[in-house]
1. Consider the stretch 66-78. How many of its residues are in contact with a Phe, Trp or Tyr (Cβ under 9 Å, 6 or more places away or on another chain) and part of a strand (DSSP E or B)?
2. Just checking, which of TYR72, TYR37 is without any contact (Cβ under 8 Å) to a residue 60 or more places away in the chain, out of contact with any Ser or Thr (no Cβ under 8 Å at 6 or more places or on another chain), farther than 30 Å from LYS140 by Cα and aromatic (Phe, Trp, Tyr)?
3. Could you go through the stretch 83-98 and let me know if any residue there is basic (Lys, Arg), over 27 Å from GLN129 (Cβ atoms), part of a loop (DSSP other than H, G, I, E, B) and at pLDDT below 95.
4. Provide a single number: the residues in the stretch 31-43 that are among the charged types (D, E, K, R) and either surrounded by fewer than 17 Cβ atoms within 10 Å (Cβ to Cβ) or not in a helix (DSSP H, G or I) (or both).
5. Return the residue satisfying two criteria in turn: it lies in the stretch 106-138 and is under 23 Å from LEU16 (Cα atoms) and small (Gly, Ala, Ser), and of such residues it is nearest to the chain's Cα centre (by Cα).
6. Scan the stretch 63-81 and tell me whether some residue there is out of contact with any strand residue (DSSP E or B) (no Cβ under 9 Å at 6 or more places or on another chain) and either at pLDDT 95 or above or closer than 16 Å to GLU115 by Cβ (or both).
7. Which residue is farthest from the chain's Cα centre (by Cα), if the candidates are limited to the stretch 22-59 and must be farther than 19 Å from TYR72 by Cβ and aromatic (Phe, Trp, Tyr)?
8. Considering ILE50, ILE17, ILE46, which residue is within 30 Å of ARG132 (Cβ to Cβ), crowded, with 18+ Cβ neighbours inside 10 Å and at pLDDT 95 or above?
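The values are calculated or read from the model by the stated rules, or taken from the named source; none is laboratory data. Just so it is clear, the structure is predicted and the values come from calculations on it, not from any experiment. Heads up, the Cβs are rebuilt from the backbone with ideal geometry, glycines too, and the neighbour counts pull from every protein chain shown.
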Amino acid sequence: MNEQPTRGRRIIRKLLIAPEFHQVDIMGMVHNAAYFYWFEKGRLDILWAILPFEEAVRLRLGLPVVRHVCNYRKAARFGDSLVLTTTHELLPRYEGRLVFQHSLMHETNKTEIAEAETTLTIMDMRDGQLVRDFPAEVWKRYQSLT
């Protein structure tokens, strides 16, 4: 009998995004690099609740991005009001990666501008090795995230 892995509950965060002048090109469209900055803001909104920066430094834990994929649907423009929704599924055990889904929508007309997925892993900054388990206090915060 094939057992399906137990899935966790979803954590969702929303951020309002207003493209800034320095993020657009001569045509008034947002440069692709800005999207990755926004996606980082979305995942950090979740990550800092689990592992604040100061604690990550103290524990010598790094969270490198190992995969990032973005599909652009429509152009975002200077002056647009956007909503970034970042979703993370809390898993019952750490599987060596943390995956974040991102959806960027135009706030007024509700069209999807872009969707992306970012995958991180946890690394011990002392030796560059992958971390197999969260430290106990971090895991407790991770599991209690709402």
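1. Total satisfying the criteria: 3.
2. The unique qualifying residue is TYR72.
3. No - not one qualifying residue is present in the stretch 83-98.
4. Final tally of qualifying residues: 1.
5. ALA116
6. No, the conditions are met nowhere in the stretch 63-81.
7. My answer is PHE53.
8. Result: ILE46 is the single residue among ILE50, ILE17, ILE46 that is within 30 Å of ARG132 (Cβ to Cβ), crowded, with 18+ Cβ neighbours inside 10 Å and at pLDDT 95 or above.
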